[in-house]
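Scroll down for the structure; my scribbles are underneath it.
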Amino acid sequence: MQFFLEVLISGLLSGVMYALVALGFVLIYKASGVFNFAQGAMVYLAALAVVGCMEKGAPLWLAIILAFVIMTLFGIATEKFVLRKLVNQPPITLFMATIGLAFFIEGLAPIVFGSEPRALDLGIVDEPIPAILDAWDMVISKFDLVAAGIAALLVTTLALFFQYTRIGRALRAVADDHQAALSIGIPLQHIWAIVWGIAGFVALVAGLMWGARNGVQFALTFTALKALPVLIIGGFTSVPGAIAGGLIIGASEKLAEIYLPPVMQSMFGGNFGGIEGWFPYVLALFFLLVRPEGLFGEKHIDRV
Amino acid sequence: MLYREAGQFKTSYAADQQLFPIRQDRIGILILLAVVFLVIPGFASDYWFSAILIPFLIFSLAALGLNILTGYAGQLSLGSAAFMAVGAYAAYNFQLRIDGIPILVSFVCAGLTAAGAGILFGLPSLWIKGFYLAVATLAAQFFIVWCLTKFPWLSNYSSSGVISTQPLIFFGHEFTSPQEKYLLVLTIVAVMALAAKNMVRSSTGRAWMAVRDMDVAASVIGIRLMPAKLLAFAVSAFYCGVAGALYAFCYLGSVEPDGFSLDMSFRILFMIIIGGVGSILGSFLGAAFILLLPIFLDIALPWVASLLGLPFSSATVSHIQVLVFGALIMFFLIVEPHGLARLWQITKEKLRLWPFPH
Amino acid sequence: MAASAVAASAADSYLIINNIEVIYDHVILVLKGVSLNVPKGNIVALLGANGAGKTTTLKAISNLLHAERGDVTKGSVEFKSQRVDQLSPNELVKRGVIQVMEGRHCFGHLTIEENLLTGAYTRSISRRELKESLEKVYHYFPRLKTRRGSQAGYTSGGEQQMCVIGRALMAKPEMILLDEPSMGLAPQIVEEIFEIVKNLNSQENVSFLLAEQNTMMALRYANFGYILENGRVVMEGDAGNLRTHEDVKEFYLGISSSGRKSFKDIKHYRRRKRWLS
Amino acid sequence: MFKCRMSALTAAVSIALLSQAAIAAEEQFFPILSYRIGPYGANGQSFFGGFVDYLNYVNLKENGINGVKIVWEECETEYNNAKGIECYERLKDKAKVSTGPIHTMSTGVAYALIDKAAEDKIPLAMMGYGRTDAVDGSVFPYAFPLVTTYQMQASAILRFVKEKEKGSLEGKKIVYLYHDSAYGKEPIAALQEEAKINKFELTLIPVAHPGNEQGAQWLKIRQENPDYVVFWGWGVMNQTAIKAAQKIGFSRDKMVGSWWAGSEEDTVPAGDAAKGYMSATWNVAGKDVPLIADIEKVVYGAGQGNLGDTSKIGTILYNRGVSAAVLSIEAIRKAQEKYGKGKAMTGEQVRWGMENLDISDARLKEIGATDLLPEIKTSCDNHEGSGKIKIQQWDGTQWVVVSGWIEGNKGLIHPLFKASAEQYAKEKGMTPRDCAKEM
C-alpha cells in the first residue's frame, strides 16, 4: 500500500511535467485553432536558448529573460511569416505547417546554440526530501514539488486570464471564428502574436523544468509525445484540463507500468515492461469513449 | 489547344464512365506507363532503382492508402507506419509458416491482416473526429510497434527482434536484381493505383467524400457512417500493409519494429499534404517530393557550401538541411495549400486554353 | 438655409463608395464598378439575388476581403471624407464602421454576455462604461438579457442574430453594415429584428447599409435602395419609389400587374439591364 | 510531369556532383554513413568527427596509407534505416572501386546492410553494435562486430562486479535496465546464462523508447533494492536514468552502463547526479593518448578539422571514432601487405585485411594509440578479435579508468553466437565457409 502511494505520488508529480508541455498546445489551439506540433521543438529551443546564453556568460536570471525575449520574437515571426499567410486554410494545412516549423527549429536551434547535450542547473536538487524519507520511507523529490507549484501557479494565472480579461476573451473569440473576430475589429495579428508569445513563455517554463530534469538536448522535442494523450483527456481547449489530464496520465501510466506487466506476464509469458509508450494513448481512447471532447474540452457544436 | 476536350463527345454511358474520360489523358497515361515499364528499366542505374525508384513507389502506395483515408474519407490518421509494420511482419510470417505460399498471396494476406488492424483501430472514428482522432491513431502507432517487439513469435524468436525477409520467389523465378524488384513493385503499385482511382469514383468513394465533407449531413441522406468509415480504414490499411510488405521484401530486406516509427507516419502524412489531399496523382507527387528533397539537399548543400567557401562543419550542413526542409514545407503550404496536384490541375487548365488565353 | 446645406453635403459625404472593382483569387471578377452613397442617419438597402455581389460590396467596405483572397483593384471607399479602403478592419471599427456578417457568426463557445463584451474590444473603456454599454444593448434586446449566461452556440437563430447585432453595437458604431439579417429566420423574428434596427437608427443615430434578399421587408424599413445584378448597380432610388416600381415588383417581389411573364422575357430583360449599366 | 521535371533536376544535379568527384586510380575511398542530427546527433558528431579527423591525419602526416591518399564522402543517415540504405546505394558505386569498411554506428542500419554489403563485397564494421552473431565469420564473411560484442561486454561487466564483491555474486540481486529494442535485448540471453552460473538473482526491466521518463522503473528498482544496476541505455535514456537514480536515492556507483551509456554526452547533461556513475568502454577518454594530441596538432593546426566544436576532441566518442578509423586503416595496411603496397584496396581485399588483423600493444604504441584499443587479433571464426573492456567512472568532470582490460566469458558466449549464426544460415539457405581452410 505504501509502495502504491509512492508510485501514485511520483506519477502525479511527473504528470505535472507533462501538463506543462500540454499547456502550450492548449494555448495556441484555443486562440487560433492551430494544432501546433512545433510545441515540443519550442520547448527544445527555449531550453537551448537558456543554456546558450549562459554559456556566453549570462547569469541564470538574465539568460531566462533573454530566452523569453527570443521566444517572443520567434512567436511573432512565426505569426508574421507563416500563419498570417495561411489564414482561412483548413486545420490540417496549418497543422502541417507547424510540423514544418518544428523541422525548422530543430535545424536552426543547434546551429545557433550548439547541439551538445548540456546540463541546466536551476539550483534545485532532484533528490528525495530527507524528512519525508525518514518519516514515511517515501521518496518525494523537492524538484518535483517545485515544478508542481510552478505549474499550479501558471495554470491558475492563465485560466483567470482567459476567463476574465479583455484580451483573454478576444483570444477565445478568435479561436471560435476568425472572420467574425476580424469583423468586430479584433486585430488577429496582435492576438496571434500575443498567443505565440505566451506559448513561447510556457515552452520556456517547460524547457527549464524538463531541461533541469533530463539535460538540455534534442530529446526535449519528444516531450510533445507525452503531452498529446494529456490533451485528449483534458480537452484541447481547456487550461485546467491540461493539468487534470497530466495528473491522470502521469499517475495511471506509472501504476500501469508497475502493476500491469506482471499480469500480462502471467497471461502470455515473457517480459511485458515498457508499456509507457502506448498506455497513455490507449487510456485516452477509453476516455474518449465516454467523453469525445475530453474531460474539460468544449463540446463541438454541430448545426447542419 | 494541345489539351482540348472540345469535340470529344460521349455517345454511350460506358464512355462517359471511363477512368480517363479525356483522350489526351488516356494517351498521357499510356505514354507514362510505357516510360516507366519499358524505358526506365533500360536506363536507370542500380542506385536509382534501389535507393530512389523502389522506395518512391512504395511510399507512393502508402501515401495512396493514407490519402484514401484522409483525403477521401476525411479521417486523419497518424498510424500509417504501424499498418506498414503489420503488413511487413505478416508477409514475413505467411512466408515462414505456410510452405510454398506464393509471394503475391503473402502480400495480399499481409494487406488483409493490416486491413483487420485498420478496422480495429478505426473504431474510435465512429465517435471522435479531427485532431482527437489523429491523436487516437497514435495509439495504433505505438501499440502495434510495441506488440511486434514484445511477442517474439512474430519475429521467429530472433534475439534482436529484427526479421530478415525471405527470397522473393514467384513462379520459380527469384527476383534478385534491383531492376526486377522495381518491375515487381511497379506492377503492384500501378494496379493498386488504378484500382484506387476506380474506387474513389464509385458509390463507395462518393459515400466517403460525403462523410468527409460533413458526416452528419451524410448520415441524413442515408449513408451509413459506420460501414463507410470502417471500410475506409480497412482499404487504407490494406494499401499501407502491402506497402509495408514491399518495404520489407523489396527495399530494406531486413526490418525491425522500431523502423516503423512515428517519424515515418509523419512523412507519409507530409506526402499527401504536399502532394494534394484527395488526389491519387498527389500521392505520387508528394512521395517524390518528400523523398527526393532531403536527398537533393544532402547532395546540393555541401556542394553549395564548398562552392561559396562557407566554413560550415559537417554537423552544421546537416542541420541546415533540416532547417531548409522545414522552411520549404512551410513555403509550399503558403504558396499552394492544396498541394502539387493542384498545381498540375492549374497547368491543365492553362493547357486547355493554350495558346489562346482569354 | 446655409446651415442645412452644409448638413446636407456632410450627409452626402458620409459613406461613399466610388466605382469599386473586386477580384477574387486574381481571377474572378465579382464587382464590376459599384458606386453607392449612404447619407448620415439613413438606412440604405442593398438588394439583389444570390451572387449579385451584395456581401462582397459590404466586405469591400469593411476590408474583410483579404482573408478570402479577394482584392479591391479599383475605386475608392470614403467615410466622412477620408479614404478608408486601405485600413484594417480594426482601424475601421475604431472609426465607427462595423460589419455584421451574414450567417450569424456568434462565438459559439462564449456566453451571450461574453460575446457582447468582445464587441467592445476596440474601445479602451472603464468597467463602468462597459457595464453601461451592456445595459444599453440589453435595453434594445431584452431577450439577450434573459439568455446572458448561455453558450451562444446553443441559442436559437433569432437570438444569435440579435447577439451579433448587439455585439456590433458594443463597439459604439456610427455605421453598421448589416448583411442579410433575415436569413433563415421566422418572419416574426425578422420583423422583430427590423424593428430594433429601425429603433437603433432613430434613437442611437446609427446609419445602416443593409444587404437583403428579402426585398419587401428591407424596402419597408429603408430610406433608399440599390439593386445589384451581376456585380453592377442596375437600379437605385427612394425606397418608396422602388417598392412601387414595376420592374422591381416584377423581378424581385414576384408581383406583376400584367400576369406572369415567361422566363425568356425575364432573361431578356435582365440582359438588357446589365448591358445598359 | 512535374514529377519528371523534379527527378530530372535531381538527376542532373546528382550526376554533375558525382562525376565531379570521380576517384583517381590510387586513392582509397571511404564511404561514410554518418549522422549528426536528430536525437543521437550529438553522439554521431563526436564519433564521426574523430573518424574523419583520423583519415585526414593519415593523409597529412604520412601522405596516405603507404602513399595511397584517402578520400571519403559523407552521407547523413539521421540514424534512420531507410536513409542509411539510400546513402549506401549512393556511395556504393564508388566503393566498388576501392573502399574502407563502412561504419554506421547504428544497429538498425547495420542490420539492413548486412546482406547487401556481402553481395557487393563491401566490408561492414560494427564496432560494439550491430549483429553480434556475425562474430562467426564463416556465415558472415563481410560483417565484423569488432572489439567487443554486447554479450561479451555484459559478461565482462559481471566479472568486474564480481571482483568488486570479492569474487562471488551468489545471492546478490542485479537489475538489468535496458532500452526496449534490439540493442537492449541482445545481452539478455548472456546475462541469464551468467545468472545461472554465478547464482545471482537477475531482474529485467525494460524502458520504452525514447526513455525520457523512467519514474516507474526506478521506483521498481527502489522496491527491489538490488546490489547493482546494469544499464543498457542510449541517448536521452542515459541522463534520465542517472537523474532518476538520484531522485530515488540509488547510489550511482552501483550502476554500470554499457559503452553506449558512458560518454560525456551522457554524463554532462546529468550534472552532479552523474558523479560516481560507472560504465564500460573499450577506449579511454582524454588527450593524454599521444595520437589524439597529435591529431589536434596536425589536423586542426592545418585548419582541416571536422568538428565545429573543438572541445569535443578527446571525448569518449571522439576517441572511439578515432579508434574505429585506426582499425580500418590497419586493416587496409594489412591488406596492402598481401595485395601490394601503395595500391588502393578493393572491398574484397580489405575484408581479408579485417579478418587477419593482428594489432599488438607494440603496434598500438607505435601509432600512439595505447589504450585507445585493446589488442586485437581476428580470424575467420572470430570476427570480434578481442572481447575486452575497461570500466571507467565519472568523477564529476571527466571519465577515469578504474580497471584493467577485462575479458568476457568467451567459452560461454561464443557458442551462443555460433548457434545463432547457424540458424541464420539455415534460414537463408546458405552454406557457411569452412574456416579451417582459410588463411
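The values are calculated or read from the model by the stated rules, or taken from the named source; none is laboratory data. Small disclaimer: the values here were computed from a predicted structure and weren't measured. With ideal geometry, Cβ positions are generated from the backbone for all residues, glycine too; neighbour counts draw on all protein chains shown. Surface areas here come from the heavy atoms of the whole protein model, side chains and all, with no ligands, DNA or RNA. Shrake-Rupley method; radii C 1.70, N 1.55, O 1.52, S 1.80 Å.
Of all the options D:Thr378, D:Thr397, D:Thr315, the one that moves most in a Gaussian network model of chain D with Cα springs shorter than 10 angstrom is D:Thr397.
The base-10 log of I(q)/I(0) for region D:296-378, evaluated at q = 0.16, 0.20, 0.25, 0.27 Å⁻¹, reads -0.72, -0.97, -1.14, -1.20 [Debye formula, identical scatterers on Cα atoms, solvent excluded]. Largest GNM mean-square fluctuation among D:Ala344, D:Ala182, D:Ala245, using chain D with Cα springs under 10 Å: D:Ala182.
Compared with the dominant Cα axis of chain A, that is its longest principal axis, helix A:223-234 is turned about 80°. The shape of region B:75-154 can be summarised by an equivalent ellipsoid whose semi-axes, obtained from the alpha carbon gyration tensor, come to 27, 13, 8 Å from longest to shortest. For the chain pair B and A, the buried solvent-accessible surface (1.4 Å probe, both sides summed) amounts to about 4100 Å².
For the residue pairs D:Lys162/D:Lys428; D:Lys121/D:Lys365; D:Lys121/D:Lys437; A:Lys254/D:Lys185, alpha carbon separations beyond 28 Å are given by D:Lys162/D:Lys428; D:Lys121/D:Lys365.
Considering all projection directions equally, how large on average is the shadow of the alpha-carbon convex hull of region C:1-133, in square nanometres?
Taking a quarter of the hull surface, the average projection is 10.6 nm².
For region B:121-137, list whatever residues lose no less than 50 Å² of accessible surface once every protein chain is in place, relative to that chain by itself, with the probe at 1.4 Å. Those are B:Trp127, B:Phe131, B:Tyr132, B:Val135, which lose 50 Å² or more relative to the chain on its own. Surface analysis of the protein assembly as shown yields an accessible area of 37 Å² per residue, using protein heavy atoms and a 1.4 Å probe. Which of rounded, prolate, oblate describes region D:140-246, given a ≥ b ≥ c as roots of the alpha-carbon gyration tensor eigenvalues and a/c under 1.5 marking rounded, otherwise prolate only if a/b is larger than b/c? Cα axes put region D:140-246 in the oblate bin.
How big is the shadow of the Cα convex hull of region D:82-136, averaged over all directions, in nm²?
For region D:82-136, averaging the hull's shadow over all directions gives 3.6 nm².
Helices that extend 30 Å or more along their long axis by alpha-carbon positions and average at least 0.0 on the Kyte-Doolittle scale are, among the DSSP H runs of chain D, D:316-339.
Using only the C-alpha atoms, the convex hull of region A:13-54 corresponds to 75 Å³ per residue. When the helices of chain B are scored as -39500 (n - 2.57) per DSSP H run of n ≥ 4 and the total is divided over every residue, the value at 222 nm lands at -21500 deg cm²/dmol. Under the convention that each Lys and Arg Cβ holds +1 and each Asp and Glu Cβ holds -1, the size of the dipole of region A:59-131 around its Cα centre is about 520 debye. In this assembly, the D-B interface accounts for approximately 4100 Å² of buried accessible surface in total, computed with a 1.4 Å probe and without ligands, DNA or RNA.
Sum -39500 (n - 2.57) across every DSSP H segment of at least 4 residues in chain A, then divide by the residue count to get the 222 nm mean residue ellipticity, nearest 500.
Taken over chain A, the calculation gives -24500 deg cm²/dmol.
Calculate how steeply helix A:142-164 sits against the longest principal axis of the alpha-carbon atoms of chain A, using the helix alpha-carbon long axis, and give the answer as 0 to 90 degrees to the nearest 10. With rounding to tens, the tilt is 30 degrees.
Could you tell me the ratio Rg/Rh of region B:141-246? Both radii from Cα atoms, Rh via Kirkwood. Before the final figure, lay out the partial values.
Values: Rg = 19.2 Å, Rh = 17.2 Å.
Expressed as Rg/Rh, it is 1.12.
For chain C, the fraction of 1.4 Å probe accessible surface lying on carbon and sulfur atoms is 50 percent. For region A:241-281, heavy-atom accessible area (probe 1.4 Å) falls by no less than 30 Å² from the chain alone to the full protein assembly at A:Lys254, A:Glu257, A:Ile258, A:Asn271, A:Phe272, A:Gly273, A:Gly274, A:Glu276, A:Gly277, A:Trp278, A:Tyr281.
Once all protein chains are placed together, D:Arg433 keeps about 60 Å² accessible to a 1.4 angstrom probe.
A viscosity of 1.567 mPa s and a temperature of 4 °C, combined with the Kirkwood radius over Cα pairs in Stokes-Einstein, give a translational diffusion coefficient for region D:56-209 of 72 µm²/s. Mean partner shielding of peptide C:90-100, defined as the number of other chain Cβ atoms within 10 Å of each residue Cβ, is 3.
The lysines whose alpha-carbon is closer than 21 Å to the alpha-carbon of B:Lys10, local same-chain residues fewer than 8 away aside, are B:Lys197, B:Lys348.
The eigenvalues of the Cα gyration tensor, multiplied by 5 and square-rooted, give region A:68-193 an equivalent ellipsoid with semi-axes of 38, 23, 12 Å from largest to smallest. Of the complete DSSP H runs in chain B, those spanning 27 angstrom or more by Cα along the long axis with a mean Kyte-Doolittle score not below 0.5 are B:103-122, B:130-150, B:178-200, B:225-246, B:280-307, B:314-335.
Scattering from the C-alpha atoms of the protein assembly as shown alone, worked out with Debye: what is log10 I(q)/I(0) at q = 0.04, 0.07, 0.09 1/Å? The Debye formula, applied to the Cα set alone, gives -0.28, -0.80, -1.22. Largest mean-square fluctuation among A:Asn88, A:Asn271, A:Asn36, in a Gaussian network model of chain A whose springs join Cα atoms under 10 Å apart, belongs to A:Asn271. Helix C:2-12 and the long axis of chain C differ in direction by around 80°, with both axes built from C-alpha atoms. Counting only protein heavy atoms and a probe of 1.4 Å, the accessible surface of region B:195-290 is 62% carbon and sulfur. Stokes-Einstein diffusion for region B:28-262 at 37 °C, viscosity 0.692 mPa s, with a Kirkwood radius from C-alpha pairs, works out to 180 µm²/s. Shape annotation for region A:147-193: C-alpha extents along the principal axes are 40, 19, 14 Å, from largest to smallest. Please compare each pair in D:Lys196/D:Lys418; D:Lys196/D:Lys243; D:Lys220/D:Lys247; B:Lys150/D:Lys116; D:Lys172/D:Lys390; D:Lys287/D:Lys338 to a cut-off of 24 Å on the Cα-Cα distance and tell me which ones are over it. Violating the 24 Å Cα-Cα cut-off are D:Lys196/D:Lys243; B:Lys150/D:Lys116; D:Lys287/D:Lys338. Ranking B:Ala14, C:Gly96, C:Gln203 by how far each Cα lies toward the positive end of the dipole of the protein assembly as shown (charges on Cβ) leaves C:Gln203 at the top.
Note on region B:28-262: with charges restricted to the Cβ of Lys and Arg (+1) and Asp and Glu (-1), its dipole about the Cα centre is near 700 debye. Comparing Cα centroids, region D:78-108 and region A:1-78 end up 37 angstrom apart. When both bridge partners sit in chain D, DSSP labels roughly 30% of those beta bridges antiparallel.
Extent of chain D along its three principal axes (Cα atoms, max minus min coordinate, largest first): 63, 55, 48 Å.
Since only A:Val205, A:Thr78, A:Ile124 are under comparison, the one whose Cα sits farthest along the positive direction of the charge dipole of chain A, derived from C-beta charges on Lys, Arg, Asp and Glu, is A:Thr78.
In chain A, excluding the sites themselves, the longest stretch lacking any of the trypsin sites (Lys or Arg not before Pro) that are in a DSSP loop with at most 16 other Cβ atoms within 10 Å is A:57-298. Counting only DSSP beta bridges whose two residues both lie in the protein assembly as shown, roughly 45 percent are antiparallel. Shown for region B:13-52: residues covered by the partner protein chains by 20 Å² or more of accessible area relative to the chain by itself (probe radius 1.4 Å), namely B:Leu32, B:Asp46, B:Tyr47, B:Trp48, B:Ser50, B:Ala51. For region A:2-224, taking the reciprocal of the average inverse distance between every pair of different Cα atoms yields a Kirkwood hydrodynamic radius of 18.3 Å. For region B:91-208, the residue among B:Ser158, B:Leu168, B:Cys109 whose Cα projects farthest onto the positive side of the dipole built from Cβ charges is B:Cys109.
Using a simple charge model, +1 on the beta-carbon of Lys and Arg, -1 on the beta-carbon of Asp and Glu, nothing else, what dipole does region A:2-224 show about its Cα centre, in debye to the nearest 20?
960
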